[in-house]
Structure formats: structure tokens, C-alpha cells
Amino acid sequence: MSGNRTFTMIKPDAVENGVSGAILKQIQEAGFKIIALKQTKLSLEQASKFYFIHRERPFYADLCAFMSSGPIFPAILEKENAVEDFRKLIGATNPANADAGTIRKNFAESIDKNAIHGSDSDENAVIESNFFFSELERF
Ligand code: CMP
């Protein structure tokens, strides 16, 4: 059964480009409710922990360096069928392959600087949400 929450991060490229507000607007207009949201900046150590699942991948070091290079906006989102619907809204990992109108097509530069993260399963949505947010930060 699919859950009703997912986790996202607006990545350092999008924050630096000043498009966080536009991305949040697109997320809300697609019917997602914001349950938690903050601005923060990961240390290299924290980014390495968050992306530990990718530790064997050739892009792991660059990914951790990039994700700790500037502020991000992590958020928990709620909507029926949240994980799947949100991945449709953000589009393919590589913006060159993303459908027109998706967040990555609208705002991302490259597969590395791809503007936004979306959890790939209900299980990972819970793990990733718990990485950033306490129960007191969720409404
Ligand atoms: P995301 O799915 O949010 O989290 C892992 C990130 O690794 C992914 O976004 C991409 O930005 C980045 N990445 C870089 N190279 C690749 C690749 N070849 N395949 C998948 N992800 C990649």
C-alpha cells in the first residue's frame, strides 16, 4: 500500500539560483501539503551519512561535496500516493530526460545539479524525514 508522505530537498544549485520559492509554489499547486520545512546546510560528514546508500557509486564523492556546498531546504510533504506522484512532478534524475513542465525540466542544470530530491520509496521517505526533522517540527 502506498503512503501519503514523502521527503524532498531543494538542493544547493536551486537555492543559489533563487528559485526555491518558485519550486515550493509548483509543489503546493500540485496538491502537496508542507508538513515540515527548514533551511539548513549539511556538513560533508552529514551529507556522506545521508547518501551512504550510494557509497559504492562513482559519483558519491562529488555528490556529497555538492550537497554540502550550500544551503538546502529539506521538507516533508503530504498527499495521497505521495512518493510516486512527487517523483512524477520532479521528473527524471537527468533534467535532459525530464518531461516538459516537471520541476527538473524547469529548474535543473545537470544530473549533478538537479535542483531537487524526492524519496524513491515509502520506507526511504520515513528514513530521510527522520534524518532532518524531529516530531516537534512536523505539523
Ligand atoms: P538524487 O536522486 O536526488 O540523489 C542521488 C543523486 O546523485 C541524484 O539525485 C543525482 O543528482 C546524483 N547523480 C550523479 N550522477 C548520477 C548517476 N549517474 N545516476 C544517478 N544519480 C546520479
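The values are calculated or read from the model by the stated rules, or taken from the named source; none is laboratory data. All of these numbers come straight from a predicted model, not from anything done at the bench. Every residue, glycine among them, receives a Cβ derived from its backbone with ideal geometry; neighbour counts consider all protein chains shown. Keep in mind that these areas ignore ligands, DNA and RNA; they rest on the heavy atoms of the full protein, side chains included. Shrake-Rupley method; radii C 1.70, N 1.55, O 1.52, S 1.80 Å.
Here are the numbers for the structure shown:
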quantity: Residue within the range 48-58 that is within 14 Å of the chain's Cα centre (by Cα) and either within 12 Å of the ligand (Cβ to nearest atom) or in contact (Cβ under 8 Å) with a residue 24 or more places away in the chain (or both) present; calculated: yes
quantity: Residue match in the range 35-48 (condition: open to solvent by 70 Å² or more (accessible area, probe 1.4 Å), more than 12 Å from Met9 (Cα to Cα) and either aliphatic (A, V, I, L, M) or in contact with a Phe, Trp or Tyr (Cβ under 6 Å, 6 or more places away or on another chain) (or both)); calculated: yes
quantity: Within the range 38-47, considering residues that are among the polar types (S, T, N, Q) and not in a loop (DSSP other than H, G, I, E, B), the one farthest from the ligand (Cβ to nearest atom); calculated: Thr40
quantity: Search result, residues across the range 61-90 that are assigned to a strand (DSSP E or B), among the aliphatic types (A, V, I, L, M) and in contact with a Ser or Thr (Cβ under 6 Å, 6 or more places away or on another chain); calculated: Ala75, Ile76, Leu77
quantity: Residues of the range 1-34 classified as modelled with pLDDT of 95 or more and either open to solvent by 20 Å² or more (accessible area, probe 1.4 Å) or among the basic types (Lys, Arg) (or both), total; calculated: 19
quantity: Qualifying residue in the range 95-109 (condition: modelled with pLDDT of 95 or more, in contact with a strand residue (DSSP E or B) (Cβ under 7 Å, 6 or more places away or on another chain) and not basic (Lys, Arg)); calculated: yes
quantity: Condition broken by Phe139, with the remaining ones in (1) in contact with a strand residue (DSSP E or B) (Cβ under 9 Å, 6 or more places away or on another chain); (2) assigned to a loop (DSSP other than H, G, I, E, B); (3) within 11 Å of the ligand (Cβ to nearest atom) satisfied; calculated: (3)
quantity: Matching residues in the range 49-65 - criterion: being more than 29 Å from Phe139 (Cα to Cα) and open to solvent by less than 30 Å² (accessible area, probe 1.4 Å); calculated: Leu63, Cys64
quantity: Positions within the range 79-117 being closer than 18 Å to Ser129 by Cα, hydrophobic (A, V, I, L, M, F, W, C), open to solvent by 10 Å² or more (accessible area, probe 1.4 Å) and away from the ligand (no atom under 13 Å from the Cβ), in sequence order; calculated: none
quantity: Residue in the range 59-72 that is touching a residue at least 60 places away in the same chain (Cβ under 8 Å) and within 13 Å of the chain's Cα centre (by Cα) present; calculated: yes
quantity: Close pairs (9 angstrom Cβ cut-off, 6 or more residues apart or separate chains): on the phi > 0 side of the Ramachandran plot in the range 100-122, near the ligand (Cβ under 9 Å from one of its atoms) anywhere; calculated: Ala115/Lys11; Ala115/Ile90; Ala115/Ala108
